[in-house]
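Visitor: One structure follows; several queries about it will come next.
The values are calculated or read from the model by the stated rules, or taken from the named source; none is laboratory data. Worth saying up front: this structure is predicted, and the values here are computed from it rather than measured. Every residue, glycine as well, gets a Cβ built from its backbone with ideal geometry; the counts of neighbours run over all protein chains shown. Side chains included, ligands, DNA and RNA excluded: accessible areas come from the protein's heavy atoms. Shrake-Rupley method; radii C 1.70, N 1.55, O 1.52, S 1.80 Å.
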Amino acid sequence: MRPGCVLVFSTCISVFLHHAISQPPTETDTYTECTDGYHWDPQTQHCKDINECETIPEACKGEMKCFNHYGGYLCLPRSASVIPASEPPNQIHPNLENTASEPFNPCPPGFEPQGDSCVDVDECEQDSHDCQPSQQCLNTEGSFTCQCPDGYRKVGTECIDIDECRYRYCQHRCVNVPGSFSCQCEPGFQLAANNRSCIDVDECSMGAPCSQRCYNTYGTFLCRCEQGYELGPDGFACNDIDECSHSSYLCQYQCVNEHGKYSCVCPEGYQLLGTRLCQDINECETGAHQCSDGQTCVNIHGGHKCVDRKSCEEPYVQVSDRCTCPITKPGCRDFPYSIVHRYMSITSERSVPSDLFQIQATSVSPGAYNTFRIRSGDDNGDFYIRQINNISAMLVLARAVNGPREYVLDLEMVSMNPLVSYHTSSVLRLTIYVGPHAF
């Protein structure tokens, strides 16, 4: 027996290996049985060691390498090597013949003789290397190297994954995987053709969920709405704005909300002026009335009136455009001499005091003194007369009134001349129509 040294990761373990290549039989002629790990060689008539590393398929698993030794085999890491202990030359172990000496190799390590020269030994082809299964064996002149796959680096005899993410190859996010890496982009971006840079995604052209307008921005997008709509809580939908509920001053009469907008409407007898104001329609001018030939069309706010032209009552008679009561008639003594009919229309809620109608004398006798008063029709005192001078006066609205309503006021001018004992009067019968609205 002789000691041997097994190097495992720079650690030397002494094992005792059988040095004898063969075992001689104890009986020279008929004994052909050998101990375990040996077989009978009829040529040499000796027991010869069995190389289990060649005869047993996959004798060692995983990263372990099979090392044959006399009578058995060892499974050691691929980085291990077996270094037999040196012995004195020509030392023969007792009872063993020195018939199995290795042939002399005059070539350097990694070479073998071929004829008169030395040729390189391809350790990779002969599987006499110690590269791990994950490594690639590359033959070199007189030796070999173990190369790691792409994405790995060699540390000692092991292949360690390279963390490429440490080198900031990716613009946004890097995900390291064994032997490689992958780049990922933040939401709103996508990988460029180089698989490392991130470029903006145009969500608007890819069906962004905006219900109306979509604006692409760097890394995201924005939804916007048309005029008359507002963006909903989800940031995508556009909801109609009810402008009418926001203000009561948008329309003079009534606001009507519509999808994306609003419109103003006016009551019957009015038309829209611009976008929000209401203007009375003058049916008398447009011809949109049904007054007969014997009637006069009087336009009022929101409508019109048809008034008979011959409207004089007894004892008055029609003279031109007025009704007169001749002095020769006994019944005319207590009545104004003449009555003139006039018509006007005012709006509701008119500010007060407000000048409404000016009375003007058409003829005045020399030396006459004129006064003006409201003879009838103002039972509630809604009006009063402000005299301007001797021949004119102004009807004034004293209190705000609401319509629709109708007043018939007799505005009287009394003329007196003390020099000739002259006393007479004339009436302007003013019909005032108060419209139903303040416009």
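Visitor: Within the group Leu419, Leu428, Leu397, Leu356, which residue is open to solvent by less than 20 Å² (accessible area, probe 1.4 Å) and among the hydrophobic types (A, V, I, L, M, F, W, C)?
Guide: Of Leu419, Leu428, Leu397, Leu356, the one residue that is open to solvent by less than 20 Å² (accessible area, probe 1.4 Å) and among the hydrophobic types (A, V, I, L, M, F, W, C) is Leu397.
Visitor: Looking at the structure I just gave you, is Glu258 among the acidic types (Asp, Glu) and buried (at least 16 other Cβ atoms within 10 Å of the Cβ)? Reasoning before the result, please.
Guide: Values: among the acidic types (Asp, Glu): yes; buried (at least 16 other Cβ atoms within 10 Å of the Cβ): no.
Spelling it out, it is not the case that Glu258 is among the acidic types (Asp, Glu) and buried (at least 16 other Cβ atoms within 10 Å of the Cβ).
Visitor: The conditions are (1) in the same structural domain as Arg373 (by the TED database); (2) open to solvent by less than 50 Å² (accessible area, probe 1.4 Å); (3) touching a residue at least 12 places away in the same chain (Cβ under 8 Å), and Pro326 fails exactly one of them. Which is it?
Guide: All conditions pass for Pro326, except number (3).
Visitor: Tell me, which residue of the stretch 114-139 that is polar (S, T, N, Q) and free of Cβ contacts under 8 Å to residues at least 12 places away in the same chain is nearest to Asn176 (Cα to Cα)?
Guide: Step one: list which residues in the stretch 114-139 are polar (S, T, N, Q), which gives 114, 117, 126, 128, 132, 134-136, 139.
This time we only want the ones that are free of Cβ contacts under 8 Å to residues at least 12 places away in the same chain, so: 114, 117, 126, 128.
Working: Gln114: 50, Ser117: 51, Gln126: 36, Ser128: 34 Å.
Looking at the filtered set, the residue picked out is Ser128.
Visitor: Out of the residues in the stretch 329-350 that are among the basic types (Lys, Arg) and touching a residue at least 40 places away in the same chain (Cβ under 8 Å), which is farthest from Ala398 (Cα to Cα)?
Guide: Initially, the stretch 329-350 is screened for residues among the basic types (Lys, Arg), giving 329, 333, 342, 350.
Going one step further and asking which of them are touching a residue at least 40 places away in the same chain (Cβ under 8 Å), we end up with 342, 350.
Values: Arg342: 20, Arg350: 10 Å.
Looking at the filtered set, the residue picked out is Arg342.
Visitor: Continuing with this model, one more query. With the structure loaded, tell me whether Val408 is closer than 23 Å to His301 by Cβ and open to solvent by less than 60 Å² (accessible area, probe 1.4 Å) or whether it fails that test. It would help to see each step written out before you state the result.
Guide: Working: closer than 23 Å to His301 by Cβ: yes; open to solvent by less than 60 Å² (accessible area, probe 1.4 Å): no.
Spelling it out, it is not the case that Val408 is closer than 23 Å to His301 by Cβ and open to solvent by less than 60 Å² (accessible area, probe 1.4 Å).
Visitor: I would also like to ask the following. Find the residue count for the stretch 271-286, including only residues that are open to solvent by 50 Å² or more (accessible area, probe 1.4 Å) and part of a loop (DSSP other than H, G, I, E, B). Steps first, please.
Guide: Our first condition is that a residue be open to solvent by 50 Å² or more (accessible area, probe 1.4 Å); within the stretch 271-286, this holds for 271-277, 279, 285-286.
When the remaining residues are screened for being part of a loop (DSSP other than H, G, I, E, B), the result is 274-276.
Counting residues in the stretch 271-286 that are open to solvent by 50 Å² or more (accessible area, probe 1.4 Å) and part of a loop (DSSP other than H, G, I, E, B) gives 3.
Visitor: Could you please let me know if Tyr343 is in a strand (DSSP E or B) and either open to solvent by 60 Å² or more (accessible area, probe 1.4 Å) or of a type in the set (S, T, N, Q) (or both)?
Guide: In short, yes.
Visitor: Please verify whether Val364 is over 60 Å from the mean Cα position of the chain (by Cα) and not in a loop (DSSP other than H, G, I, E, B), treating the condition exactly as stated. Break it down stepwise before answering.
Guide: Working: over 60 Å from the mean Cα position of the chain (by Cα): yes; not in a loop (DSSP other than H, G, I, E, B): no.
No; evaluated as a whole, the condition is false for this residue.
Visitor: Follow-up question, since we're still on this one. Say whether the condition of being modelled with pLDDT under 75, closer than 30 Å to Asn139 by Cβ and either out of contact with any Cys (no Cβ under 6 Å at 6 or more places or on another chain) or not assigned by the TED database to the domain that holds Thr140 (or both) is met by at least one residue in the stretch 17-27. Write out each step before concluding.
Guide: Within the stretch 17-27, the first condition is being modelled with pLDDT under 75, and the residues that meet it are 17-27.
Retained after the next criterion (residues that are closer than 30 Å to Asn139 by Cβ): 17, 21.
Okay, now just the ones that are also either out of contact with any Cys (no Cβ under 6 Å at 6 or more places or on another chain) or not assigned by the TED database to the domain that holds Thr140 (or both), so 17, 21.
Yes, some residue in the stretch 17-27 is modelled with pLDDT under 75, closer than 30 Å to Asn139 by Cβ and either out of contact with any Cys (no Cβ under 6 Å at 6 or more places or on another chain) or not assigned by the TED database to the domain that holds Thr140 (or both).
Visitor: Separate question: Give just the number: which of (1) in a loop (DSSP other than H, G, I, E, B); (2) buried (at least 16 other Cβ atoms within 10 Å of the Cβ) does Glu313 not satisfy?
Guide: Glu313 satisfies all of (1) in a loop (DSSP other than H, G, I, E, B); (2) buried (at least 16 other Cβ atoms within 10 Å of the Cβ) except (2).
Visitor: Being open to solvent by 50 Å² or more (accessible area, probe 1.4 Å), closer than 28 Å to His437 by Cβ and in a loop (DSSP other than H, G, I, E, B), is that true of even one residue in the stretch 235-247?
Guide: For the stretch 235-247, residues open to solvent by 50 Å² or more (accessible area, probe 1.4 Å), closer than 28 Å to His437 by Cβ and in a loop (DSSP other than H, G, I, E, B): present.
Visitor: Please return the ranges of strands (runs of 3 or more DSSP E) entirely within the stretch 43-103 where 2 or more residues are modelled with pLDDT of 80 or more and in contact with an Asp or Glu (Cβ under 9 Å, 6 or more places away or on another chain).
Guide: Working: elements: 46-49, 64-69, 72-77, 81-84.
Result: 46-49, 64-69, 72-77.
Visitor: Just for the stretch 375-394: of the residues that are open to solvent by 40 Å² or more (accessible area, probe 1.4 Å) and charged (D, E, K, R), which one is farthest from the chain's Cα centre (by Cα)?
Guide: Arg375
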